[in-house]
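To start, the structure under review is shown below, and the notes come after it.
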Amino acid sequence: MDYAHWLQDFEAETERRRQHEDPPWARGARLHPDVARSVQRFQVGEAGDGANLIAKAAGDGGYLATVELFVAEEQNHARMLAELLGAAGVPTIQTHWSDTVFVRLRRALGLRLELMVLLIAEVVALRYYRALRDGTGDPLVTQVAARILADEERHVPFHCHRLRAAFDRFPRGLRAAVFGAWRVLLLGVTITVAADHGRALRELGVGRLVFVADVLTAFEAALATIRGEEPKPAPRHVPRRARPRGLV
């Protein structure tokens, strides 16, 4: 399978990032305590070394090279979130139970399952970073979230491209069954995230139910891409501006 286009895209983004200045960390940031705790948990999730995914991609030169650049982008997200927390005077945390469960699930079987679980994380991240970008009045938080969101919007179609090939030869009935189980897993993960980060999402102007519905809509669009269909455009929810109360 040809990954020349994706490799070129990731290489161009790497060069753009190299030439682009970092956000102005010295200006500081203001994070509501609930949002700060939420960002801490997402920072842990972005901080993996990607070694397991890279090992599973070995033997496929173009894909392996692209995966390595993808992992580097995820590690850059972790770095920026750590810098953002530092700018707000908030420490990072080393572990969180949700990340531990996710990593173990991803590593359980082969590349296809890892990418299926990873796509769930990426779709959830799309909605989370959009909420973080749009729901805060702090310029540094908005800038960091916007940069990460732009990367995630490229990551989802990249993974869909690989998964489309992975499911291409599945009989229709088997693929439908797998996708059904995949939806159940996504729903469980999304409800868990909405509950665990509910206070932060509310502070950012996004209710739990809206968050879950938006993630499900984005996931269905991803599945349509994997099936080779033209996905319907996802409705956009415009959150209210969070009120600047109780900031740290």
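Readers should treat all values here as calculations from the given coordinates under stated rules, not as data from a laboratory. Remember, predicted model here, so these are calculated numbers, not experimental data. Note: ideal-geometry Cβ built from the backbone for every residue, glycine included; neighbour counts use all protein chains shown.
Details
- Nearest-ten-degree value, helix 97-106 long axis tilted from longest Cα axis of the chain: 20 degrees
- Over all pairs of different C-alpha atoms in the chain, the reciprocal of the mean inverse distance, the Kirkwood hydrodynamic radius, equals 18.7 Å.
- Positive-end ranking of Gln40, Ala213, Trp6 along the dipole of the chain, with charges on Cβ about the Cα centre, is headed by Ala213.
- Taken about its Cα centre, segment 29-226 carries a charge dipole of about 580 debye when Lys and Arg each add +1 at the Cβ and Asp and Glu each add -1 at the Cβ.
- Cleavage-rule hits, trypsin sites (Lys or Arg not before Pro), segment 111-212, DSSP coil, Cβ neighbours within 10 Å at most 11: Arg169
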